[in-house]
Amino acid sequence: MSIRHDERAGSSVARVLTSVPWFVVLLGVSLLTVLLLVVLFSLRGPERQSAPPPAPPIYLPTVGATTTSAAPTDAPLVAVGPTASPTASASGTPSPRASSARPPASAPARPAAPRAGALTARYQATASGRDYFEARLTVGNGSAGSQSWEVELTFAGNVKSIDASSGSGLSVSSQGNGWFVLRGTGPLGSGESAVVQMRFSRTGSGDRPGQCTVNDADCVIG
């Protein structure tokens, strides 16, 4: 009986010893599996962390643009001649300063109102033909004393010659290219007037001067 018991004990020990290596292997595999799971979860943990919220925007103070006025220069002042255009006064009425420039010879002259107390002249066309036209020039003296007078008439180049006469005495000169100068042979008394009858030869058409002046003042045309 003792021999069989020893044999059974020995066979049990042998079976335990033969099963120990498999137990060790299973234990090692289990440990490795646990370590792998721990490593995987530790790596995926940081990936699942939500990204930090964006930083709030920073607004910098804005500085308004400053305008710099240009420093006054020492440039000399330019005097405005009589040809400057009239300016409006503070009350809205135009300034009495007006342009006194005469129009070019090629442009029709603008009728000017006679000035009180000075010499005035009025040009009027009275007749017209195929190669001529006639006109009347009236010169008046509105000043307090006697004055000499001189009238300049400027036509286009198609007006060739002039034939003029006046009961108060007259001299006529042609400056060429439609420019004629008429002068009284004696002074015109205060309140008196001189009438000049004129006949012009021409080619083409037109009987109005581009410019008419009496003592450098504009005539009335028409």
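Phi angles of segment 121-130 translate, via the Karplus equation with coefficients 6.51, -1.76, 1.60 and θ = phi - 60°, into HN-Hα couplings of 9, 9, 9, 9, 6, 10, 7, 8, x, 5 Hz per residue; Gly and Pro are given as x.
Under the simplified labelling scheme, the SER30-SER205 pair shows an inter-label distance of 13.0 nm, with each label point 7 Å from Cα along Cα→Cβ. Residue-wise HN-Hα couplings along segment 211-222, as the Karplus relation 6.51 cos²θ - 1.76 cosθ + 1.60 with θ = phi - 60° gives them from phi, are 8, 9, 9, 10, 6, 6, 9, 5, 7, 9, 10, x Hz; Gly and Pro carry x.
Note on ARG183 and ALA118: their simple-model spin labels are 2.1 nm apart, each label 7 Å out from Cα toward Cβ. Starting from the 7 Å offset along Cα-to-Cβ, what nm value, one decimal, do you get for the label separation of PHE23 and GLU134? Taking the simple label geometry, PHE23 and GLU134 are separated by 15.9 nm. Going by a ≥ b ≥ c, the root eigenvalues of the Cα gyration tensor, does segment 119-221 fall in the rounded group (a/c under 1.5), the prolate group (a/b larger than b/c) or the oblate group? Cα axes put segment 119-221 in the prolate bin.
Every number here is computed from the coordinates shown, using simple stated rules; none is lab data. Computed from a predicted structure; not experimentally measured. Neighbour counts are summed over all protein chains in view; Cβ atoms, including those assigned to glycine, are modelled from backbone coordinates with ideal geometry.
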